[in-house]
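The values are calculated or read from the model by the stated rules, or taken from the named source; none is laboratory data. Since the structure is predicted, the reported quantities are computational estimates derived from the model, not experimental observations. A quick note on method: Cβ atoms are made from the backbone with ideal geometry, for glycine too, and the neighbour counts reach across all protein chains shown.
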Amino acid sequence: MRKPDFFIIGAPRCGTTAMYAYLAQHPDVFMASEKESHHFATDLLPPDDPQRSRDAYLELFNGARDTQIVGEASVYYLFSKEAARNIHAFNPAAKIIVQFRNPVEMLDSLHSNMMYLGRENISDMGEALDAEADRKAGRRIPPGDLRFVQRLFYSEIIKWAGQLQRYFDIFGREAVHVIIMDDLKAEPARVYRETLDFLGVRASFEPSFNVVNANKRVRSRWFQHLLYRPPKWMRLIGRMLVPRGRRAAVIERAKALNIEHVRRQPLSPAVRERLRAMCAPEVEKLGALIGRDLSQWTR
């Protein structure tokens, strides 16, 4: 059974879904059948998470040919304190892809996506930041399938320099490829070729650079709750009415019908300034670490 040769480790809402989709189109690349397994983030996954199983994890790579390199993408591997060490123990020759964007925009996008998924129940970004202390103490946790509460620690998620340094220390800089989302949006073909060169596969292939994972909101939160956390009776009816091979497609179609792609409401000036001030020191550290002036993000 094949195991991954490379990992897209994050950060969340920084174009990783797009890169996952672009790489999956390459004939010499096989991407895991499921994004966000987080198998190696053992400090984040709950004890009963099914992706803790090594056998279940390796099943994500069934179908990879011997002529293909294999990859997976889990955006909280960057945030996790244990993932880098666990990945290295699993495959010390692994290559690492990490993606960043303006953290103010990233946090706004992340909060919006968490609301869409039903994993956040505080609609105001400023109030969500204020709730972090309570959430770290186990209070004010949204009901439902959050999987791990650390994804609500917004001020911790953007401490990218220290997180990236951990991968530099464990894998070496030459094994870590950094992508800035601004570049991916402006010149997707160039950034894609550079990524293929890093992975050692044919750089002449060009995928379809469609917009992937745009901001969205649900039409019905009640219906969204049923789709992501169906009650037992609904699962039983589904098994009786829908053939096994069609169930995933039917669910995905229902999810698509329940969403609309919209432009996010702008942050209030006060919350934007708060995020800018919070992110500025981290942006400076990250820029120094990768040798790039990123100050325009928080200027």
Pair list, Cβ under 6 Å, 6 or more apart: segment 39-50 residue in the same structural domain as Glu82 (by TED's automatic domain parsing) and over 20 Å from Gly71 (Cβ atoms), other residue surrounded by fewer than 16 Cβ atoms within 10 Å (Cβ to Cβ) and of a type in the set (Gly, Ala, Ser): Pro50/Ala56
Scope segment 9-22; condition outside any loop (DSSP other than H, G, I, E, B) and touching a Leu at 6+ places or on another chain (Cβ under 8 Å); matching residues: Ala18, Met19
Filter result for Arg151 (farther than 19 Å from Phe100 by Cβ, basic (Lys, Arg) and either at pLDDT 95 or above or outside any loop (DSSP other than H, G, I, E, B) (or both)): no
Scope segment 135-168; condition under 21 Å from Gly118 (Cα atoms), of a type in the set (Val, Ile, Thr) and either surrounded by fewer than 18 Cβ atoms within 10 Å (Cβ to Cβ) or touching a Pro at 6+ places or on another chain (Cβ under 6 Å) (or both); matching residues: Ile141, Val149
Single residue of Tyr22, Tyr57 found to be in contact with a Pro (Cβ under 8 Å, 6 or more places away or on another chain), crowded, with 21+ Cβ neighbours inside 10 Å and in the same structural domain as Ile87 (by TED's automatic domain parsing): Tyr22
